[in-house]
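A.B. asks: Have a look at this one.
What follows draws every value from the coordinates through simple rules; no lab data is involved. As the structure is a prediction and not an experimental result, all values here were calculated from the model. FYI the Cβ positions are ideal-geometry reconstructions off the backbone, even for glycines, and counts take in every protein chain you see.
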Amino acid sequence: MTGNKTFTIIKPVAVRHGYIGSILAKINEAGFRISAMKFIHIRLEEAKAFYAAHEGKPFYEALVSFMSSGPIVVSILEKENAVEDYRKLIGATNPADAAEGTIRRLYGTNIQANATHGSDSDEAAEVECNFFFSKSERF
Ligand code: IDP
Ligand code: MG
């Protein structure tokens, strides 16, 4: 059985470019319900903790520095088969390889500033939702 929840981040460059509204529109059109959301600016230490699974990879230091470089929008999205369907909606990690019409293809700048994060499994979604949201922040 697949889960009904995923976690997403609208990353700093997409926020700076004014794409919050367009990205949320794609999320709504695709049938996701937004059950939690906030506009925040995380510190380097939080970015390091969030991306701990990537520690040691060549892009890790630049990634955590980027993710703490400006405000982001974090949210929980609900829908049947949420993780897989949202990964399809955002497209491949590198916007240049992402399918036409996907969020990363439309709003991504490069492989690092690729517009959005999306959980890669139900287990990751659970951990990531809990990382940013308490029970009282979910509706
Ligand atoms: P994903 O976001 O598609 O799941 P991951 O491999 O989990 O991709 O990488 C996490 C994030 O790290 C990516 O979304 C992107 O921002 C960044 N990243 C991944 N690979 C590279 C790379 O080769 N160069 C620079 N940044 C990268
Ligand atoms: Mg990933």
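A.B. asks: What ranking of 134, 35 emerges when the number of other C-beta atoms within 10 Å of each C-beta is taken as an exposure proxy, fewest first?
C.D. replies: Ordered by Cβ neighbours within 10 Å, fewest first: 134, 35.
A.B. asks: Could I have the simple spin-label model distance between residue 127 and residue 110, label points 7 Å from Cα toward Cβ, reported in nm to one decimal?
C.D. replies: Once both label points are built, they end up 2.8 nm from each other.
A.B. asks: Taking amide H positions as placed in the peptide plane 1.01 Å from N, state which residues far from residue 116 in sequence (5 or more) or on other chains have amide H under 5 Å from it.
C.D. replies: Hits under the 5 Å cutoff: 11.
A.B. asks: Only Lys, Arg, Asp and Glu count, each charged at its Cβ (+1, +1, -1, -1), so figure out the dipole size of segment 16-72 about its Cα centre, rounded to 20 debye.
C.D. replies: Working: 7 positive and 5 negative charges, 35 e Å.
Here the size comes out at about 180 debye.
A.B. asks: Per-residue counts of other Cβ atoms within 10 Å, averaged by peptide: what ranking do you get for 48-54, 105-111, highest first?
C.D. replies: Values: 48-54: 14.7, 105-111: 18.3.
Descending mean neighbour count gives 105-111, 48-54.
A.B. asks: Compute the Cα gyration tensor for the chain, then decide on rounded, prolate or oblate, letting a ≥ b ≥ c be the square roots of its eigenvalues: rounded whenever a/c is under 1.5, prolate when a/b is larger than b/c in the other cases, and oblate in all that remain. Mind dumping the intermediate values first?
C.D. replies: On the way: a/c = 1.35, a/b = 1.10, b/c = 1.23.
It is rounded, given that a/c, with a ≥ b ≥ c, falls under 1.5.
A.B. asks: Which residues make up the longest stretch of the chain that has no GluC sites (Glu not before Pro) in a DSSP loop with at most 11 other Cβ atoms within 10 Å?
C.D. replies: Details: sites that count: 55, 80, 100.
The longest such stretch corresponds to 1-54.
A.B. asks: Can you work out the FRET efficiency for the pair residue 120 and residue 44, with r the C-beta to C-beta distance and R0 = 22 Å, to the nearest 0.05?
C.D. replies: Details: r = 23 Å, r/R0 = 1.04.
Computed FRET efficiency for residue 120 and residue 44 comes out at 0.45.
A.B. asks: While we're on this one: Sticking with the crude label model, points 7 Å out along Cα→Cβ, report the distance from residue 20 to residue 93 in nm, one decimal please.
C.D. replies: 2.8
A.B. asks: A further question follows. Can you work out the Karplus-derived ³J(HN,Hα) for every residue in segment 110-117? Use 6.51 cos²θ - 1.76 cosθ + 1.60 with θ = phi - 60°, whole Hz, and x for glycine or proline.
C.D. replies: 7, 4, 7, 8, 9, 6, 9, 9
A.B. asks: Now for a separate question. Among 138, 104, rank each residue by its count of other Cβ atoms within 10 Å, from fewest to most, as a rough exposure measure. Show your work: numbers first, answer last.
C.D. replies: Details: 138 13, 104 25.
In order of increasing Cβ crowding within 10 Å: 138, 104.
A.B. asks: Here's a follow-up. Within a 10 angstrom radius of the beta carbon, how do 32, 133, 39 rank from fewest other beta carbons to most?
C.D. replies: On the way: 32 22, 133 18, 39 12.
Listing 32, 133, 39 from fewest to most nearby Cβ atoms yields 39, 133, 32.
A.B. asks: Let me ask you something else. Quick check on segment 1-76: what does the Kirkwood estimate of hydrodynamic radius come out to from the alpha carbon pairs, in Å?
C.D. replies: 13.6
A.B. asks: What does the convex hull of the alpha-carbon atoms of segment 74-139 project to on average, in nm²?
C.D. replies: On the way: hull surface 19.0 nm².
With every direction weighted equally, the projected area is 4.8 nm².
A.B. asks: Sticking with this structure for a sec: In percent, what relative contact order does the chain have, based on Cα pairs under 8 Å that are 6 or more apart in sequence? Show your work: numbers first, answer last.
C.D. replies: Working: 246 pairs, mean separation 52.6, N = 139.
Dividing the mean separation by the residue count of the chain yields 38 percent.
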